[in-house]
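Below is one structure, written out as C-alpha cells; the observations come after it.
The values are calculated or read from the model by the stated rules, or taken from the named source; none is laboratory data. The structure displayed is predicted, hence computed values, not measured ones. Here Cβ is always computed from backbone atoms with ideal geometry, including for glycine, and neighbour counts include all displayed protein chains.
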Amino acid sequence: MTPEQKVLIGGKWREAATAERMEVINPANGKPFASVPKCGPKDVDRAVAAALEAQPAWAGRPMSDRSKILLKLSQLVRDHLEELAKLETLEQGSPIRKTMGMDIPQCAEHFEYFAGIARGMTGETLPVGPWCASMTVREPLGVVGLITPWNFPALMVVWKMAAAIVTGNTCVVKPPSIAPLTSLRIGELALEAGVPPGVVNVITGPGSTAGEAMVRHQDIAKIGFTGDSATGKRIMSLASDTVKPVGLELGGKNPFVVLADADIDSAVEGAVWGAFFNSGQVCAAASRFYIHESLYDEFAKKFVSAARTLRVGDPMKAETVMGPLAYKEHRDKVEAYIDEAKKSRAKLLLGGERPTTSETKDGYFVAPTVFGDCSNDMAFMQDEMFGPVVGLVRFKTTDEAIALANDTRYGLSGSVWTKDVRTGLSMAGRIKAGTVWVNEHLCISCETPWGGCKESGWGKDASTMALEEYTMTKHIYVDLMGGPDRPWYGMLK
Ligand code: NAD
C-alpha cells in the first residue's frame, strides 16, 4: 500500500474529480502516514455508473460462480492477514493482537460464510391454483451503496459487501474518512479474486458530500449504513426523496445487568471485555452497569482491579490490549463526558485521565475509566460516549433492573448475569434490544443476526437474514390453463 492512495472505480485506480486529498493519521502518534482522494458527487456518479454497467452480467452469473469467487477472496484475505491487520492498526489504532486475531480473520470468515449460505437461498411455491404456478424468487436490488464507520473499518465493510455481492448486486463502498485504507485494499483483493471490474467500487470522501451524494443518487437502490444514530436519521430523511430503502445499524448504550445470584468472577471478566474491548469503541459495548446491591461493592472492587491491569499503549506491540481512541476530536469528546461526570454525584473509581507513558504521550489515549454511584439521569449514562468509560448503578429488585436497562433511547444489545438460566431467559425477553446475551457480552458471529431497535436502527447484518437485506422478493404467476377456466374472468360477464 503506497502512502498516496487512489480510489477504485470500474476496476481502475483514480484520483478524485477535484484532485483534492485527505490525510490519514495514525492515532497512536498523531502523525499522518497516508492520504486518499477527497471524493465528491462527481466521483459518486462515476462509481455508480461503473456499478450499473457491471450489474446485469454479474447478476446473470450462476450463484455457484459468485460463491466460488467469494471463497477465493476469503482465502486472499487470509493470505494477507498480517498486511491487512497492520494497516488497520495503523489507521484506526486497534491493537495488533485484535486486528490479527479477530478483525481480519472475521473478514475471511464472513466471505466464506456468505459464499456458503447464498447457495442455499430459495424462493417458495404458493398454494394458488391449480390453474397456475405461483412462486417467489429472490432477485438482487441492483447497485447498493455501503457507508461504514471507523470502529471496525474492514469488518463493517465485509459484513455488508459479502451479502450484497454474492446475491448479484454491485456496490459502491464509502469507508470512513479517518480509516479508509483497509477497505481500498479489500477492494483490490476482490479484483484479484476474480470479482469483475465495477462490481466493487470503493470511493473515499466526507460523509457530508460523498456520503450524501450516494444517499440521494437515483441509481442506488439501497443504502446499507452503519454509523452514528444522528447520521442514520439524516440518511433516512434524505433517502425519502428517492423512496430508497436503508439498512441502519446505529449506536448503542448497552446495559450489563448483574443479578444477586450471578457468578461474580465470571461477570467481572465479561465486564472488562464488554467495556474495554476496542477501547470501548464498539456499538455493543457495555457502558451502563446495573449491579444488585448485595454484590455491588465486591463487583466494583474486582472490576476496578481487573481493569487496572489492562495494558494501554502502542497498538503495534503484541502485549498491548488497549490502543488509542481513533481520532483527536473523538478523544476530546470522550474527555468532555469524563469532565462532566467528574462534576456530577458519580464517584470516580478508576482512570478519568490520559495515560502518560512514553508510548502514549503523542496519541489519543484515554485510560480505562469507571464511575460508581451513577444514575440514569446523568447525561453520560444516556449518550453513546463510544470510549472506555462506564458507570455503575445499584438496584434492589429485578423489575427495577429491567426498568433501568430499558430507560434509554437505544435498543442494540444488553446482557444479564445470573446462575439461573430460567431467570436469564425471562430477563432476555424483557430487555428491549436486538441482542441479549445471558452470562456473556459482545459475542457476535457471522451465523447470528445483528441489528437493533429504537434509535439503534433496523435491519440485520450477518446471518441468513442479511441475504434478505440485499435481495427483493418477486412474485411470479404463470397461468397454466387459459380460456374460460380462469375463475375470475366470469365476474365481468
Ligand atoms: P458516523 O455516522 O459519523 O459515520 C459513519 C459513516 O457515515 C462514515 O463513512 C461517514 O463518512 C458517513 N457519513 C457521515 N455523515 C454522513 C451523511 N450526512 N450522509 C451520508 N454518510 C455520512 O459514525 P462513526 O463515528 O464513523 O461510527 C461510530 C458509530 O457507529 C457509533 O455510533 C457506533 O455505535 C456505530 N456503529 C454501529 C454498529 C452497529 O452494528 N449497530 C456497528 C459499528 C458502529
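At a glance:
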read-out	value
Sole residue being within 19 Å of Tyr410 (Cα to Cα) and away from the ligand (no atom under 11 Å from the Cβ), chosen from Val243, Val257, Val282, Val199	Val257
Scope the range 433-489; condition hydroxyl-bearing (Ser, Thr, Tyr), crowded, with 17+ Cβ neighbours inside 10 Å and either within 15 Å of the ligand (Cβ to nearest atom) or assigned to a strand (DSSP E or B) (or both); matching residues	Thr435, Ser456, Ser463, Thr471
Complete set of residues in the range 285-318 that are touching a residue at least 60 places away in the same chain (Cβ under 8 Å), assigned to a loop (DSSP other than H, G, I, E, B) and touching a helix residue (DSSP H, G or I) at 6+ places or on another chain (Cβ under 8 Å)	Ala285, Pro315, Met316, Lys317, Ala318
Yes/no for Met135 being under 19 Å from Thr320 (Cα atoms) and either away from the ligand (no atom under 16 Å from the Cβ) or free of Cβ contacts under 8 Å to residues at least 12 places away in the same chain (or both)	no
Count of the range 399-414 residues which are out of contact with any helix residue (DSSP H, G or I) (no Cβ under 7 Å at 6 or more places or on another chain) and within 18 Å of His292 (Cα to Cα)	8
Thr423 being more than 14 Å from the ligand (Cβ to nearest atom) and either among the hydrophobic types (A, V, I, L, M, F, W, C) or part of a helix (DSSP H, G or I) (or both)	yes
Only one of Ala163, Ala133 that is more than 30 Å from Pro388 (Cβ to Cβ), among the hydrophobic types (A, V, I, L, M, F, W, C) and in contact with a helix residue (DSSP H, G or I) (Cβ under 7 Å, 6 or more places away or on another chain)	Ala163
Out of Thr231, Thr182, sole residue that is at pLDDT 95 or above, within 11 Å of the ligand (Cβ to nearest atom), polar (S, T, N, Q) and in a helix (DSSP H, G or I)	Thr231
Residue within the range 210-226 that is part of a helix (DSSP H, G or I), more than 9 Å from the ligand (Cβ to nearest atom), out of contact with any Leu (no Cβ under 7 Å at 6 or more places or on another chain) and at pLDDT 95 or above present	no
Residues satisfying the stated conditions in the range 382-399, i.e. touching a Gly at 6+ places or on another chain (Cβ under 7 Å) and within 16 Å of the ligand (Cβ to nearest atom)	Glu384, Phe386, Gly387, Pro388, Val389
Tabulated pairs, the range 145-160, first closer than 10 Å to Asp103 by Cα, second at pLDDT 95 or above and near the ligand (Cβ under 8 Å from one of its atoms), C-beta under 6 angstrom, 6+ apart or interchain	Met156/Thr148; Met156/Pro149; Met156/Thr226
Close pairs (7 angstrom Cβ cut-off, 6 or more residues apart or separate chains): free of Cβ contacts under 8 Å to residues at least 24 places away in the same chain in the range 69-84, surrounded by fewer than 23 Cβ atoms within 10 Å (Cβ to Cβ) anywhere	Glu82/Met100
Leu325 being in contact with a Phe, Trp or Tyr (Cβ under 8 Å, 6 or more places away or on another chain), surrounded by fewer than 23 Cβ atoms within 10 Å (Cβ to Cβ), part of a loop (DSSP other than H, G, I, E, B) and modelled with pLDDT of 95 or more	no
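Yes/no per residue for (1) within 12 Å of the ligand (Cβ to nearest atom); (2) surrounded by fewer than 24 Cβ atoms within 10 Å (Cβ to Cβ); (3) aliphatic (A, V, I, L, M):
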{"position": "Val158", "(1), (2), (3)": "no, no, yes"}
{"position": "Ile186", "(1), (2), (3)": "no, no, yes"}
{"position": "Leu189", "(1), (2), (3)": "no, yes, yes"}
{"position": "Gly194", "(1), (2), (3)": "no, yes, no"}
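The rows are residues; the columns are (1) more than 19 Å from the chain's Cα centre (by Cα); (2) surrounded by fewer than 24 Cβ atoms within 10 Å (Cβ to Cβ); (3) modelled with pLDDT of 95 or more.
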{"site": "Gln382", "(1), (2), (3)": "yes, yes, yes"}
{"site": "Val390", "(1), (2), (3)": "yes, no, yes"}
{"site": "Lys396", "(1), (2), (3)": "yes, yes, yes"}
{"site": "Arg409", "(1), (2), (3)": "no, yes, yes"}
{"site": "Thr418", "(1), (2), (3)": "yes, yes, yes"}
{"site": "Ile431", "(1), (2), (3)": "yes, yes, yes"}
